Structures are given as C-alpha cells and as structure tokens.
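Read-outs throughout are calculated quantities, based only on the coordinates presented, and are distinct from any laboratory measurement. Because the structure is a prediction, the values reported are computed rather than measured. Cβ: placed from backbone, ideal geometry, glycine included. Neighbour counts: every protein chain shown.
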C-alpha cells in the first residue's frame, strides 16, 4: 500500500467539485433586495437607491468571487436582479407619485418610451450603440472594481427598467398582454449580456488579491460566460434592428396614453 497516494495537493484539489454557496444565501438576497427597494422609496432619495440595492448583493458576490466560484456569483446576481426588478415594479405600480424621488432616471426613461410609442421620437429607445456601449461600460466597471461598481450601476438600471414596465402596465388595456410584451426582447438580451459579462470581467480583480490554484474546476468557466455574454449583446442589437418597429405597433395596440 502506498501511503503517499493522494497526498499531492494539485491532484486532490482538482478532484474537488465546484464550491456551492451556503444554504440560505439566495433567500437572504431576496429579502435584502426587497427591503432595499422599500427603504429607498421611503427615503425618496434616488441617489441612495443604487447603494441600498447594491448592498443586498455586494457581500455575497464578493464571497463567491473570492472563492473563484463564478457559478454561484452568477446565480446570486440573477436572483438579486429579479428580486429588485419585481419589488421595484410593485412599488412603481402602486406608488407612481414617489417614483421620481426614489428611482434614478426613472422619469427620463419613462418619457423616452412614451415619446417612442407616441411617434414623437425617432427609433426605439436603447439602440444598438447603447446596447454594446452599455455592455462595455459594465464590463469595465466590473473589471476595475471587482464587480462592485457594476452592481451599483445595475441596481439603478434594473429599478429604472422596472418603473418603465410598471408605467406600461398602468396604461395597458389588457394587463396580461402588457406583461407579456412590456419588456422589449433587446432589453432582455442586454440584461443577460451584462449578467454573463460582469462575472468573468470581475475575476481578474479577485485573482490579483486571492491567488487561486490553477486546478480550480471553475477556472475555465469565465471563458464560457464571456462568450455567452457577448452573444447576448449582439443578439440584442439584432433584435432591436429587426423588431423595433414591430414592437412599437404591438405595444401601441396594448396600451392607451
């Protein structure tokens, strides 16, 4: 019997399964996200909303990235974004008068969509340049700050998109139809692009601080996430160019302004 079998750290490390987030992290993120949105509305200080919503994810994101657990970071970020979106939708739907003071740039985003639907603006909002430029901005923010600045920006962007969605619902003739078509597909593609790009973009920041072993099973996942993120970004551009006009017609048929 060879007593030294399995004593090599690289072999033992490579055999380990990918780490998993502690039980309950997802639930805590949902609770903290909802609480952050409620608090931001109560304070009516739009500049605080990104910080409050960002605080709901930041510590968990840092913990996952510190372990080089990209899969958990991606999963936790997705839960956070969905939670902030739903909570912001409810707030904007039932307390629209507090939107301007609670959600950054909400009025500007609502006005842009309203003008597009009424035909007073040229082209659908959030065009190809903004889609690709937005993905690039989020990638750079994530690279420079380990994802923290991207989380702050994302919290404001998600809340603003939720307010636009709620605005369409309030003016919808059929709430089911508006729920199905209220969010243009290129915006959805952009959201997925940012989600998949910001995690691998943040990885070098943590690799510099916490040197991981090359045998980490999550080491190569960043390439896959980056490719998926880029694909969603270009898909958003194609969807905008192909469906911008048609989506205007569909939304106009479902809403009354």
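Structural remarks
- Helix 25-43 and the long axis of the chain differ in direction by around 40°, with both axes built from C-alpha atoms.
- Based on DSSP H segments of at least four residues, each scored -39500 (n - 2.57), the chain has a per-residue ellipticity at 222 nm of -25000 deg cm²/dmol.
- For segment 102-137, the residues whose backbone nitrogen is under 19 Å from a point 7 Å from the Cα of residue 188, taken along Cα to Cβ, are 124-128, 131-132.
- Residues 113, 38, 199, sorted so that the one with the fewest Cβ neighbours within 10 Å comes first: 38, 113, 199
- Degrees separating the helix 106-118 axis from the principal Cα axis of the chain, which is the longest one: 50 degrees
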